[in-house]
Amino acid sequence: MKSHFGWYYPFLIISLILIKGSTVFAQVLSESQVDSIAQKDMRLFQVPGLAIGIIKDGKLIYSKGFGVRSMQTQQPVTSKTLFGIASNTKAFTAAALGLLIDEGKLKWDDKVIQYIPEFKMYDDYATQEMTIRDLLCHRSGLATGAGDLMHDPDSTNFTVKEIIYNLRYIKPVYSFRSKFAYDNNLYLVAGEVIARISKMPWEDFVEQRILRPLQMDLSAASYNGCRLNTNIIDAHNKVNDTIRLVTRYTSTKDDAAGGIYSNIEDMSKWALMLMNNGKYGDGLNKQLLSEGTARQLWSPQAIIPVGNGGIYHTHFAAYGLGWFMVDVKGYKQIFHTGQDVGMVSEISMIPEIGLGIIVLTNNENNAIGAITDQITDSYLGITGIDRSAEEFTRLQAHEKKTEESKAQIWKAVYQNQSVKTADIKKYTGNYHDKWFGNVNITLRNNHLWFAAQRSPQLKGVLYPYQKDKFAIRWQNPEIDADTFVLFSNGNKKRTITLQPVVAGSGYNFSDLIFEKL
């Protein structure tokens, strides 16, 4: 997952299954009813194009595309149209490690330093005890999104080697293995383990050992592997209240956490293999993963607190190895979501009733949860709930609250623009953070200008807000992450820290401390 909002979606899905409603006997949705839900959600959430797949009892019974791949080309979405699946890639990285484990080349509980001797976390205990299993289940002690700025927004010049090295500078916020907190960078470490053991890049291993055997022939482990395919979506998002094309992420450094492009037909083959305990092919006569490894992927590793059990009577939630899992109406549901810039995906499975649902979209939106839950409800005998309306109401309330908070802050900012150049010149200079590198604060047209050397998109004008506190809107309007920049004189040296203008949105800046050089 590359987007700075990507971490939100797993928690969104968990929250959606804890919603109250009425339960009566219901019929499974017909093809035309699923069509109507898709079309309704496209209008409601302003989605240019999406694709839906439904698996039941070992077969892909519904596979259809809606809308357009791109608002520019107006070409239609089909069941073969490629979408970025973002963090749904994590399950492929876990399965790739499972293949090496089946071959006896490593074990789930081997220490990471056995394969990457230079691996080091801020906490020495975590360095010594971190296992292959730990890399995959988000219990490292790091905060959600910690260190993602090394690959997000796109165009940063960090390498995978540098990202792994810089983990030693990022302070944990929890004790090791004590709490679930979603992490991307340890999946890059997992990808490096795969590369070192297999002697091939993560992308080549995943394509040769997973995608090709399953005949996921149009899928690729990276955008670079499918960019010449014309049946591929463009990324879209809301910019200044208008849905438009946005710049696709093309970096490959975080492929092991979110790089795969796939489509409904190919993803159904992946889901069917997992639902059949690692077996695939005609008559399930081939075995990709051993049954033991397939079970490990779907075994709880990190507990996630849940609140009211809601309509699904959910009691437990957990993360396995690349997968979320919850109990719904007495069944075990396995799922994951993924968000890249301009696209969102979800895959959900309830193996006990032979149900799998895949939703792919080309806009950052909340339609995936509404569609998945509406289809799931019909198979669990739940009716009387309009998931789309409920989710849209929540989305509107969230957006209204966020926009009101932003407007209030920017009103105060604009009323405080009488600061003289002489009063702000003292803030200029070069500042350094151990893992993120340098930022330069300079004067441009009597305003302070912020520019991160290693992340070219993080640049823009600093507007005075309060004493030693400035607000910045990034120059690129596609980066919706208004940020405060705070100056201080701790330890007789001027420092900079950053924080989102609206708490809970934007990037995770919590571990950045820039000292003036």
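Could you state the per residue volume, in Å³, of the convex hull enclosing the Cα atoms of the stretch 8-384?
Roughly 134 Å³ of hull volume per residue.
What FRET efficiency do you get for Tyr414 and Met71 if R0 is 45 Å and r is their Cβ-Cβ distance, rounded to the nearest 0.05?
FRET efficiency, Tyr414 to Met71: 0.85.
For the stretch 421-516, rounded, prolate or oblate, judged on the Cα gyration tensor with a ≥ b ≥ c (square roots of eigenvalues), a/c < 1.5 rounded, else prolate if a/b > b/c?
rounded
With label points built 7 Å along Cα→Cβ from the Cα atoms of Gln215 and Val28, find their separation and express it in nm.
Result for the modelled spin labels: 2.3 nm.
Starting with the highest mean, order 249-257, 506-514 by the number of other Cβ atoms within 10 Å, averaged over the residues of each peptide.
So the peptides 249-257, 506-514, ranked by packing, come out 249-257, 506-514.
For the chain, what is the mean residue ellipticity at 222 nm derived from helices alone (per DSSP H run of n ≥ 4: -39500 (n - 2.57); sum divided by total residues; nearest 500 deg cm²/dmol)?
-8000 deg cm²/dmol
State which entries of Lys400/Lys459; Lys401/Lys459; Lys111/Lys238; Lys59/Lys105 exceed 32 angstrom in Cα-Cα distance in the structure shown.
Check vs 32 Å cut-off fails for Lys111/Lys238; Lys59/Lys105.
Give, in nm to one decimal, the length gained when the segment between Gln466 and Glu403 is fully stretched (0.36 nm per residue of separation minus the Cα-Cα distance).
Stretched fully, the Gln466-Glu403 segment lengthens by 20.7 nm.
Relative contact order of the stretch 66-217, please, whole-number percent, based on alpha carbon pairs below 8 angstrom and at least 6 residues apart.
Normalised by residue count, the contact order of the stretch 66-217 is 25 percent.
Could you work out the relative contact order of the stretch 144-271, using alpha carbon pairs under 8 angstrom and six or more residues apart, expressed as a whole percent?
28 percent
Asp110 to Lys199: extension gain in nm, 0.36 nm per residue of separation minus the Cα-Cα distance?
Gain on extension, Asp110 to Lys199, equals 30.2 nm.
Residues in the stretch 98-127 near a label at Tyr169, defined as backbone nitrogen under 18 Å from the 7 Å Cα→Cβ point?
118-124
Over what distance in Å are the Cα centres of the stretch 477-517 and the stretch 105-125 separated?
Measuring centre to centre over Cα atoms gives 31 Å.
How high is the FRET efficiency between Lys426 and Gln453 when r is their beta carbon distance and R₀ equals 22 Å, given to the nearest 0.05?
0.55
Can you give the relative contact order of the chain as a percent, counting alpha carbon pairs under 8 Å and 6+ residues apart?
20 percent
When you count, for each residue, the other Cβ atoms within 10 Å and take the mean per peptide, how do 85-93, 185-193, 266-274 rank with the highest first?
85-93, 185-193, 266-274
Give the peptides 115-122, 136-143 in descending order of average Cβ contacts within 10 Å, highest first.
Result, highest mean first: 136-143, 115-122.
Hull surface divided by four, with the convex hull built on the Cα atoms of the stretch 100-148: how many nm²?
Averaged projected area of the stretch 100-148's Cα convex hull equals 3.8 nm².
Can you list the residues of the stretch 424-458 with backbone N under 16 Å from a point 7 Å past the Cα of Gln475, pointing along Cα to Cβ?
439-458
Every number in this text was worked out from the coordinates using simple rules, so none of it is lab data. Every value quoted in this text rests on a predicted model; they were computed, and no experiment measured them. Don't worry about glycine lacking a Cβ; one is built from the backbone with ideal geometry, like all the others, and counts go over all protein chains shown.
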